[in-house]
Amino acid sequence: MNTFLKRVLFLLLFVALGLFLYSHFVENIFSSRLSPKDTVEFKLNDLKLEVFYNRPSKKDREVFGALVPFNQVWRTGANEATTFETNKTLDINGMPLPKGKYTLWTVPKDSVWTIIFNSKQYPWGVTDEMKPYWDPNFDVLNVDIPVEKLNTTVEQFTIAFDNSTDKLFLTMAWDDTKVAVPLK
């Protein structure tokens, strides 16, 4: 066997071993995630918004008030902390949100959610004790948004941007619950 072929086989073996070790110790890249990652973007003229989050599923569970307790800070999804990024200062219910990258936290309640934009970037959504990594000292903006009850069930947690009425909203929906944060 010539030297070139030996080097190619050695390189392929090295890459395969690297993928196996990464899959085993970091993230199983060969199986689908229970709460898959998603990125949502909105672009209009010179405004660019982006949300990165993980999408848990309902799976016949009671979600709000049970799986996601009322009156407690929630990481707004699963796995990594949800992030929200804007390249322009936004007006949210009459309060400014400066351009930048934020972690997005929520406090679900029966009739209203508190939406929290936090300037600190966290390594994960929760600690080993399943407590949110959220530190209130880095809160930039907190806003209360009324809950809309849906007639249909949203199986997988969904974040989206909606400007279908010439007004821009950041929407979050799961189970039979939806909130729409107005953005200007």
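The values are calculated or read from the model by the stated rules, or taken from the named source; none is laboratory data. Computed from a prediction, not measured in an experiment: that's the story for all the values here. Cβ: placed from backbone, ideal geometry, glycine included. Neighbour counts: every protein chain shown. Accessible surface is based on the protein model in full, side chains and every heavy atom, while ligands, DNA and RNA are left aside. Shrake-Rupley method; radii C 1.70, N 1.55, O 1.52, S 1.80 Å.
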Histogram of C-alpha separations across the range 66-116, 10 Å bin width, %: 23, 45, 28, 4
Dipole of the range 90-164 [Lys/Arg +1, Asp/Glu -1 at C-beta], most positive-end residue of Y102, Y133, F157: Y102
Cα lying deepest toward the dipole's positive end in the chain, options I115, G65, L5, charges on Cβ: L5
Assigned charges on the beta-carbon of Lys, Arg, Asp, Glu; the chain dipole about Cα centre (debye): 620 debye
Cα long-axis angle, helix 3-25 against the chain (0 to 90 degrees, to the nearest 10): 40 degrees
Unit Cα scatterers, Debye sum, the chain: log10 I(q)/I(0) for q = 0.10, 0.14, 0.18 Å⁻¹: -0.48, -0.80, -1.23
Accessible carbon and sulfur surface of the chain relative to its total accessible area, %, 1.4 Å: 56 percent
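Can you give the accessible area per residue of the chain, in Å², using a 1.4 Å probe?
Values: 11070 Å² over 184 residues.
Result: 60 Å² of accessible area for each residue.
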Local electrostatic count at F14 - Lys and Arg +1, Asp and Glu -1, tallied over other residues with Cβ under 13 Å: +2
Helix-derived mean residue ellipticity, 222 nm - over the chain, DSSP H n ≥ 4, -39500 (n - 2.57), to 500: -4500 deg cm²/dmol
Under 18 Å from K184, Cα to Cα: lysines that are on another chain or at least 8 residues apart: K43, K48, K88, K99, K101, K167
Accessible area in the full protein assembly, largest first, 1.4 Å probe, for M95, M172: M95, M172
Euclidean distance of C-alpha centroids, the range 133-184 and the range 106-123, integer Å: 10 Å
Whole-percent pair-distance distribution, where bins are 5 Å wide, for the alpha carbons of the range 133-184: 5, 17, 21, 21, 20, 11, 4, 1
